[in-house]
Amino acid sequence: MLGIVRQKMLEQSLKKIPPAVSVLRSYSSAAKQMTIRDALNSALDEEMSADSKVFLMGEEVGEYQGAYKITKGLLDKYGPERVLDTPITEAGFTGVAVGAAYYGVKPVVEFMTFNFSMQAIDHIINSAAKTNYMSSGQISVPIVFRGPNGAAAGVGAQHSQCYAAWYASCPGLKVLAPYSSEDARGLLKAAIRDPDPVVFLENELLYGESFPVSDEVLDSSFCLPIGKAKIERKGKDVTIAAYSKMVGYALKAAETLEKDGIDAEVINLRSIRPLDRSMINASVRKTSRLVTVEEAFPQHGVGAEICVSIVEESFAYLDAPVERIAGADVPMPYAANLERMAVPQVEDIVRAAKRTCYRSVS
């Protein structure tokens with residue numbers, strides 16, 4: 001029932017929210033369009049077909065086809081033994097899945113929202129993340145925890161948190177945050193194939209967005225490396241590093257900045273842990289300026305970690321103080337006007353980039 005309510009709210013909210021999609025992407029020979037939803041669905045389908053050890057479990061993933069239709073058609077194709085509907089008990093089914101992974105199968109656990117993963121955080125942190133180390137490498141835990149993360153629209157404080165920094169602070173986990181359909185397909189395949197636990201943070205407002213994909217991306221063997229970022233837009237004046245939905249905002253900001261003669265380089269982090277520090281530092285050494293963008297709370301965030309990396313490794317190259325753009329340091333408001341003020345907007349990124357370039361900010 002909760003999935004039905006959230007789906008209706010999402011459909012209504014998407015009509016009000018303009019897409020933050022830029023044409024300035026560096027996709028190779030991209031001719032076709034694919035939504036994030038279809039990219040995730042096809043990746044699950046292909047990995048389940050290729051490896052009989054892969055199975056899905058979570059609330060409404062089977063009969064209802066997934067709260068956001070990510071698992072549509074998979075129950076009919078693979079049956080109830082590999083697509084398992086669970087009770088509303090994250091602590092229970094997550095513990096079952098981690099135990100199954102100990103024995104060599106590959107569970108893909110869906111949280112209807114990552115806010116609900118807090119009910120299962122002991123299994124994720126103390127069991128999945130630490131067992132390989134505590135067993136001296138004798139036990140691998142090949143499991144994926146996936147679902148929507150971060151702010152949606154009109155769902156209040158308890159359903160709007162971003163968990164990127166939460167999980168990225170824990171050794172033993174890998175944390176991925178796709179932006180485009182290419183990211184979604186390639187990174188989810190990589191996560192399922194990885195021998196370690198992976199937290200896969202999606203964004204529900206992006207599920208219906210379409211992105212260009214090449215024939216290479218559509219190939220069943222396509223897979224992206226974990227730990228590698230992507231330069232979505234090359235530039236020479238300022239580096240803007242972002243992940244998930246904020247990459248789209250960064251690209252829109254870069255278009256605006258270009259009109260004012262500022263050539264921004266936009267980095268899609270893709271992987272939060274491990275973080276591609278080398279690419280970020282190389283970009284900043286070229287542009288001498290940095291703006292980080294995330295929806296999450298500012299304190300102890302992903303942006304803060306990136307800023308520290310730059311200070312430690314590339315401080316002498318900076319021509320201006322680094323700028324962090326993040327969500328407001330408050331629980332997410334429910335009112336639409338306050339909600340917009342609590343998450344970063346394109347104009348916030350533009351102003352920050354101009355400050356690093358010592359341009360006047362209106």
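The values are calculated or read from the model by the stated rules, or taken from the named source; none is laboratory data. Note that the structure is predicted; figures quoted are calculated from it, not measured. Cβ placement follows ideal geometry from the backbone for every residue including glycine, while neighbour counts extend to all protein chains displayed. Each accessible area value is taken on the protein alone, full model and side chains, heavy atoms only, with ligands, DNA and RNA left out. Shrake-Rupley method; radii C 1.70, N 1.55, O 1.52, S 1.80 Å.
Observations on the model:
- Taking the centroid of alpha carbons for each part, region 193-224 and region 151-187 are 13 Å apart.
- The helix-only estimate of mean residue ellipticity at 222 nm for the chain, built from DSSP H runs of length n ≥ 4 each weighted as -39500 (n - 2.57), is -10500 deg cm²/dmol after division by the residue total.
- Accessible surface ranking for Lys228, Lys72, 1.4 angstrom probe, highest first: Lys72, Lys228.
- Percent accessible area from carbon and sulfur atoms, the chain, protein chains only, probe 1.4 Å: 55 percent
- Antiparallel bridge percentage (DSSP; both residues within the chain; nearest 5): 20 percent
- Sequence-separation-based contact order of the chain, relative, with Cα cut under 8 Å and 6+ spacing, percent: 16 percent
- With the simple spin-label model, which puts each label point 7 Å out from Cα in the Cβ direction, the Asp215 to Ala50 separation comes to 1.9 nm.
- Relative to the dominant Cα principal axis of the chain, helix 277-287 is inclined by about 20°.
- J(HN,Hα) series, region 197-213, from Karplus relation 6.51 cos²θ - 1.76 cosθ + 1.60, nearest Hz, glycine and proline x: x, 10, 9, 10, 9, 9, 10, 5, 6, 9, 3, x, 6, 9, 10, x, 9
- Crossing angle, helix 2-14 versus the chain [Cα axis fit, 0-90 degrees, rounded to tens]: 30 degrees
- Alpha-carbon radius of gyration plus Dmax, which is the widest Cα pair, for region 230-358 in Å: 13.8, 44
- Per residue solvent-accessible surface (Å²) - region 105-208, probe of 1.4 Å: 28 Å²
- Vicinal HN-Hα couplings computed from phi for region 140-153 (Karplus, 6.51 cos²θ - 1.76 cosθ + 1.60; Hz; Gly/Pro x): 8, 10, x, 9, 10, 10, 10, x, x, 10, x, 5, 10, 8
- Between the helical axis of 346-356 and the longest alpha-carbon principal axis of the chain there is an angle of about 50 degrees.
- 5 Å-binned pair-distance histogram of region 32-218 (Cα, whole percent): 1, 8, 18, 22, 22, 16, 8, 3, 1, 0
- The stretch between Tyr334 and Ser169 holds 56.6 nm of extra length on full extension. This uses 0.36 nm per residue minus the Cα-Cα distance.
- Long-range amide H partners of Arg233 with built H, under 5 Å: Val266
- For region 335-352 versus region 256-278, the inter-centroid distance based on Cα atoms is 19 Å.
- Long-range HN-HN contacts of Asn203 with modeled amide H, under 5 Å: Asn149
- Segment Asp85-Gln345, extension gain: residue separation times 0.36 nm, minus the distance between their alpha carbons: 89.9 nm
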